[in-house]
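Peer 1: Sending over a structure as structure tokens; questions will come in a sec.
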Amino acid sequence: MTKILVVEDEPLIQKTLTLLLQRKGSQTKSSSSGTEAIKMIAEEDFDCIVCDLMLKDITGFDVIEEAKKKMTSDEIKNKFIIITAYSSAQVQEKAASYGCQVIPKPFHDINKVINQIMEFTK
Amino acid sequence: MHTSTDLYKKQRFLFSDKRFAENAGYKDYLNLLKQSSSIEELLNKILSTKPLSSFYTAQLLVHSKGTTQCQSMNVDRNGNFNSKSFDVSHFTKLLTLVKKSKNKKFDQTQIKSETIQFLGTFLAKNFSFSSHDLLLVISRNDFLPISDDDINSFNRLTLFIPNSLRTLIGMSKKQQNENIFNRFINLHPEFKALSKEGKSIITTKKKIDSKTIHIDNQHSLELISLSQDSITIDLKHMERVLLLGELLNTLRHELSNPIFGINLAAELMYTTHNEHELISDFSQQILRAAKRSQNILDNFSKLYANQSEATTCDIRNVINETITLTKSETKMIPKKTSWNNFENEENYFLKSNPTWISQIFFNIVVNAAQALTESETVSPEINIDIKYLKDSISIQVNDNGPGICTAIISNLFTPFFTTKNKGTGLGLSICKNLVKRLGGKLDYGNNKDVGAFFCVTIPVKL
């Protein structure tokens, strides 16, 4: 079973994403804090981590930096998906430096995004 | 036999014995030594030298020390010229690579980056001046290796170009200053001088009264004006608008998130429980309200996005979005818009500053509403007529209030003049200023039948 971690501090977005991903047959856990997410990533293996950039405590990029201690850069590329409302050129560049996909918020089609995430985990 | 270094040092010798120099095959050196009028010309000269005839492209990267961007210009043998801007991090990486390399020759695998425009094998040389770092790169465009002869010729020839480069960079620095100057002039016609470290670089007018604003470490703007009042107004206005733009941007991002959350949840509810009428109906309404909220946020941010540049905008959007903005100030007063003379879709589009147009229009409508409210007009109305006049668009705001009293009409645009109990009395004078900057006209007066009118005419091209 695919294991996904959703890191997002906006409660409704977190709940909906988690529910929809679970409906697709995955085991999805969620966290609204970056530091908690780092702990979870260190303790468990996830197939995919959907991570918001602007979290309340730290940024999504900080989470990736911490995750690098456990994962190779290939794993980072293949596991992290960044979602964010702030998709400026600088953000795109930084995400590209990790090799990560960026999905800008708000999503125009939630179902498409869910399918995209599920495809990504294969 | 003179070495190339001797030739370079003895420039006077070269020029006085030109015929000797040309016959001896030093024509290339002479050519490079002569001042080039542009970087494009210099790069072409390098390619046209005999020893470098197998090289296809030449590129110059220029970085002004202390800035975050670098310029790149390149030419090729087909006469194509390209100019681009890059982030300085690309340049720094390349510069380090070149400085470290012994023979300054590279192939594509070493030097591949988005800043180097061509394929093949390359020769590079860096120049370090007090204010700039430069990188000259020439390439063969095939994958044949670079010979020692190539390297030697390149080194010899490039000994002759630093002076030319210095002058060319100096020129572009002046242009840089002019660009900064012109950008600010467009924003505020009262800014008349640009000075660096206290020394004036560009001045257009004698100063009468002045205030200095620091832009960055090197540049400061001297604001020159005829009266103390207009300095204060423009600074206050500029600050307010800048602040507003930033606030709106932050607000937009912060509000977007919860609205998006509401959207997602409502959609989920709607698709899961659409057999339950109440839930189905209300979740649809929630979706619509969330969508409307997001649109309002997007539109307002767009309206205050571009402060100084002319952009193509649809006058319908500007008018309608601004009317939405006035809602809180014009609560009970109906506003009717009528569009005249717009025969084609393209007539609605103009190249101007939508932020300024919005501000002017907003001010006039709110003034009309306040006049109507204070005079307790029965059945107050604001009628907005927008007309297409080929070279311009006119926006006329009519009200059915008591009109403008003749006693105050001459003071209408005087800064700080107001008949209201609250407010700064700056609205109309700012309007006048903005209209001037748009290259338009502002007419006002009393209607023949009832009430006052304010009419802004804006040229279709700023």
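The values are calculated or read from the model by the stated rules, or taken from the named source; none is laboratory data. Values in this document were obtained by computation on a predicted structure and should not be read as measured data. Methodologically, a virtual Cβ is constructed for each residue, glycine included, from the backbone with ideal geometry; neighbour enumeration extends over all protein chains shown. Ligands, DNA and RNA are excluded from the accessible area calculation, which covers all protein heavy atoms including side chains. Shrake-Rupley method; radii C 1.70, N 1.55, O 1.52, S 1.80 Å.
Peer 1: Rounded to the nearest 0.05, what FRET efficiency is calculated for A:GLU44 and B:GLU254 with R0 set to 25 Å and r the Cβ-Cβ distance? Intermediate values should be presented prior to the final figure.
Peer 2: Working: r = 32 Å, r/R0 = 1.27.
Result of the calculation: an efficiency of 0.20.
Peer 1: Give me the number: length gained by fully extending B:ASN31 to B:GLN285, i.e. 0.36 nm times residue separation minus the C-alpha to C-alpha distance, one decimal in nm.
Peer 2: On the way: separation 254, 0.36 × 254 = 91.44 nm, distance 7.54 nm.
Stretched fully, the B:ASN31-B:GLN285 segment lengthens by 83.9 nm.
Peer 1: Sticking with this one: I want to check the label-to-label distance for B:LYS461 and B:ASP314. Put each point 7 Å from Cα in the C-beta direction and report it in nm to one decimal.
Peer 2: For the pair B:LYS461/B:ASP314, the computed spacing is 2.3 nm.
Peer 1: Chains A and B: what accessible area do they bury, summed, in square angstrom to the nearest 100, with a 1.4 Å probe? Don't jump to the answer; show the numbers that get you there.
Peer 2: On the way: alone 6830 and 25960 Å², together 31470 Å².
Protein heavy atoms only, the A-B interface buries about 1300 Å².
Peer 1: Give me the number: length gained by fully extending B:SER101 to B:GLU343, i.e. 0.36 nm times residue separation minus the C-alpha to C-alpha distance, one decimal in nm.
Peer 2: 80.5 nm
Peer 1: Students often get this wrong, so check it: of A:LYS3/A:LYS56; A:LYS29/A:LYS56; B:LYS84/B:LYS351; A:LYS39/A:LYS68, which have C-alpha atoms separated by over 20 Å?
Peer 2: Working: A:LYS3/A:LYS56 24 Å; A:LYS29/A:LYS56 18 Å; B:LYS84/B:LYS351 25 Å; A:LYS39/A:LYS68 13 Å.
Correct reply: A:LYS3/A:LYS56; B:LYS84/B:LYS351.
Peer 1: For the pair B:THR68 and A:ASP74, how long in nm is the line joining their label points, each one 7 Å along Cα→Cβ?
Peer 2: 3.5 nm
Peer 1: Next up: Starting from the Cα of B:ASN80, step 7 Å along the direction of its Cβ; do the same at B:SER293; then give the gap between the two resulting points in nm.
Peer 2: 5.1 nm
Peer 1: Sticking with this one: Counting alpha carbon pairs within less than 8 Å and at least 6 residues apart, what relative contact order, in whole percent, applies to chain A? Don't jump to the answer; show the numbers that get you there.
Peer 2: Details: 186 pairs, mean separation 28.4, N = 122.
Relative CO of chain A lands at 23 percent.
Peer 1: Taking each residue in B:248-255, count the Cβ atoms of any other chain within 10 Å of its Cβ, then average. What number comes out? Walk me through the numbers on the way to the answer.
Peer 2: On the way: counts 0, 0, 0, 0, 1, 5, 2, 1.
That works out to 1 on average.
Peer 1: When the helix-only estimate is applied to chain A (DSSP H runs of n ≥ 4, each -39,500 (n - 2.57), divided by the residue count), what is the mean residue ellipticity at 222 nm, nearest 500 deg cm²/dmol?
Peer 2: Working: 6 runs with 59 residues, N = 122.
That comes out to -14000 deg cm²/dmol.
Peer 1: Sorted by average packing, counted as other Cβ atoms within 10 angstrom per residue and highest first, what order do B:453-461, A:63-71 take? Kindly include the intermediate steps, with their values, before the conclusion.
Peer 2: Working: B:453-461: 19.2, A:63-71: 17.3.
Peptide ranking by packing, descending: B:453-461, A:63-71.
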